[in-house]
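Below you'll find the structure, written out as structure tokens, and then a few comments.
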Amino acid sequence: MNKYKNILFDLDGTLTDPKEGITKSVQYALKKMNIDEFDLNHLERFIGPPIHSSFTEFYNFDESQTKQAVELYRERFKEKGMFENELYPGIPSLLKILKKQEYKLIVATSKVTEFANQILKYFQLDPYFDLVVGSHLDGTRSSKAEIIQYILDHYNNDSPGDFVMIGDRKYDCIGANEVGIDSIGVTYGYGSLQELKECKPTTIVDSVEQLKEVLLGVNR
């Protein structure tokens, strides 16, 4: 039997492939601010980190510009971007197996909680999850460490060793390290193998099938 009781999943790049919706919504916001970005691949770096910090870091926006960019991004994202999204093959069956075996499944995402809930409902994944924790609309509680700590506080009768964070970017692993829980990096998302190795996750897997083997204790 695997030691974990509570399994935390990142959303973007781990449960779903959100590239089209996120990059086109970023492109839309930048265009409204007179910045042309024609290559959507260049905007993949927005997948994973908090949206506020991405606009600030990648375009040197000040506080006012960042606020405007986020509002424009959400304008398109709420209408269509969140649905320009695809489930990774094997995710529904993995969640079904884990739920049947009575693991607690939790979404831990830097995406706004309201948007995360809508996406899970759209893909009919919401029945599998006991808790969905994301950021607030005002940009607070957006770091992965804050989000994971909130989850640990919610399940305060369990020890840190009962939890594992699964994600495709360094932010997931770093957040897990900061609060003292295990992490699993997945390379099928948007973080490179090098990026994941540098943040020292407990394990790295290359596919949903490998993830299932690790979580269910296969070959241990």
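The single condition from (1) within 30 Å of Lys31 (Cα to Cα); (2) buried (at least 19 other Cβ atoms within 10 Å of the Cβ); (3) out of contact with any Gly (no Cβ under 7 Å at 6 or more places or on another chain) that Met82 fails is (3). Each residue in region 130-182 was checked for being free of Cβ contacts under 8 Å to residues at least 60 places away in the same chain and of a type in the set (Ser, Thr, Tyr), and 3 of them qualify.
Scan region 110-117 and give yes if some residue there is loosely packed, with under 14 Cβ neighbours inside 10 Å and either in contact (Cβ under 8 Å) with a residue 24 or more places away in the chain or more than 18 Å from Pro50 (Cβ to Cβ) (or both), otherwise no. The answer is no, given that none of the residues of region 110-117 is loosely packed, with under 14 Cβ neighbours inside 10 Å and either in contact (Cβ under 8 Å) with a residue 24 or more places away in the chain or more than 18 Å from Pro50 (Cβ to Cβ) (or both). Here Glu213 meets each of (1) surrounded by 16 or more Cβ atoms within 10 Å (Cβ to Cβ); (2) free of Cβ contacts under 8 Å to residues at least 24 places away in the same chain; (3) under 19 Å from Leu98 (Cα atoms) with one exception, condition (1). Scoring Ile47 on the criteria (1) out of contact with any Pro (no Cβ under 8 Å at 6 or more places or on another chain); (2) surrounded by 15 or more Cβ atoms within 10 Å (Cβ to Cβ); (3) in contact (Cβ under 8 Å) with a residue 60 or more places away in the chain leaves a single failure, condition (1). Listed by first and then second residue, the pairs with beta-carbon distance under 6 Å, at least 6 apart or on different chains, first residue in region 51-65 and within 19 Å of Val112 (Cα to Cα) and surrounded by 13 or more Cβ atoms within 10 Å (Cβ to Cβ), second at pLDDT below 95 and not aliphatic (A, V, I, L, M), are His52/Gly139.
The values are calculated or read from the model by the stated rules, or taken from the named source; none is laboratory data. What you see is a predicted model; the values in this text were computed from it and never measured. Using ideal geometry, Cβ is built from the backbone for each residue, glycine included, and neighbour counts are taken over all protein chains shown.
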